[in-house]
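Quick notes on the structure that follows.
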Amino acid sequence: MLQKPADLHWETAASIVVAGATAIRCLALLDVKPGETLLVHGGAGAVGAAAVQLAANDGVTVIATCSTRDAEAVRELGAHPVLYGDGVFERVRELAPSGVDAVLDTAGAGVLPASIELAGGPSRVLTIADPAAVELGVTFSGGGASEQTPDVLQRIADLALSGVLTTPPARHFALADAAAAHAALAAGAFRGKTLLDA
């Protein structure tokens, strides 16, 4: 068990652990190195945003798909935003004419076949969201509490305290309003975490 550092706000600590640990695991599995180009599908989501920040901080060129609403936020995280929709892969090709070195899919929106083509094969394509991965030879990675070791938690805390790893603003609901919180989550269109306050 690792104590929360005194300087790390509770809201940040509650919002960053799962996404941060997942992003760390995925980037390690993809073996992304400085100087390479990484495509992140869902660059504005919790895991996607964490992966963008971590990879960019390590000297990786990051291209991230996102909505028009989130494009500027994704740019501020350190990625080149590419808008969802028709022609998304053509827009990625404009930024990476020779393809990309690795792809992380956090969205599960049927992007794996084109991602495999961009990466020159399935070996460095990973998804946390698309069950079609197995048929395509792509790694599907699911984690859990076991990956939140003291070393990983300390790394996440250090990255958060240094400003490398940030989270979008969270929205708060009283514990008694848990049903409303679930309804808000189902409605989507919010980048940050939804927190229940006891």
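Considering only strands (runs of 3 or more DSSP E) fully contained in the range 12-104, which possess at least 1 residues that are hydrophobic (A, V, I, L, M, F, W, C) and touching a Pro at 6+ places or on another chain (Cβ under 9 Å)?
Qualifying strands (runs of 3 or more DSSP E): 61-66.
Might you let me know whether the range 33-44 holds any residue that is of a type in the set (A, V, I, L, M, F, W, C), modelled with pLDDT under 95 and out of contact with any helix residue (DSSP H, G or I) (no Cβ under 8 Å at 6 or more places or on another chain)?
no
Any residue at all in the range 135-144 that is open to solvent by less than 50 Å² (accessible area, probe 1.4 Å), more than 21 Å from L195 (Cα to Cα), among the polar types (S, T, N, Q) and not in a loop (DSSP other than H, G, I, E, B)?
Within the range 135-144, not a single residue is open to solvent by less than 50 Å² (accessible area, probe 1.4 Å), more than 21 Å from L195 (Cα to Cα), among the polar types (S, T, N, Q) and not in a loop (DSSP other than H, G, I, E, B).
What do you reckon, is E147 out of contact with any Pro (no Cβ under 6 Å at 6 or more places or on another chain) and without any contact (Cβ under 8 Å) to a residue 60 or more places away in the chain?
no
Please tell me if G99 is at pLDDT below 95 and among the small types (G, A, S).
It is false that G99 is at pLDDT below 95 and among the small types (G, A, S).
Here is a list: L77, L8, L30, L83. Which entry is open to solvent by less than 20 Å² (accessible area, probe 1.4 Å) and closer than 26 Å to P97 by Cβ?
That would be L30, the only listed residue that is open to solvent by less than 20 Å² (accessible area, probe 1.4 Å) and closer than 26 Å to P97 by Cβ.
Test of understanding: among A129, A109, which residue is on the phi < 0 side of the Ramachandran plot, small (G, A, S) and either modelled with pLDDT of 95 or more or in contact with a Gly (Cβ under 7 Å, 6 or more places away or on another chain) (or both)?
Testing whether each residue is on the phi < 0 side of the Ramachandran plot, small (G, A, S) and either modelled with pLDDT of 95 or more or in contact with a Gly (Cβ under 7 Å, 6 or more places away or on another chain) (or both) leaves just A129.
All but one of (1) within 23 Å of L112 (Cα to Cα); (2) open to solvent by 40 Å² or more (accessible area, probe 1.4 Å); (3) within 11 Å of the chain's Cα centre (by Cα); (4) not hydroxyl-bearing (S, T, Y) hold for V18; state the number of the condition that does not hold.
Exception for V18: condition (1).
Using beta carbons and a limit of 9 Å, which pairs, at least six apart or on different chains, have the first residue in the range 151-170 and more than 14 Å from V52 (Cα to Cα) and in contact (Cβ under 8 Å) with a residue 24 or more places away in the chain and the second one small (G, A, S) and open to solvent by 30 Å² or more (accessible area, probe 1.4 Å)?
A170/A14
The values are calculated or read from the model by the stated rules, or taken from the named source; none is laboratory data. All of these numbers come straight from a predicted model, not from anything done at the bench. We place every Cβ from the backbone using ideal geometry, glycine too, and count neighbours over all the protein chains shown. All accessible areas refer to the heavy atoms of the entire protein, side chains included, with ligands and DNA or RNA removed. Shrake-Rupley method; radii C 1.70, N 1.55, O 1.52, S 1.80 Å.
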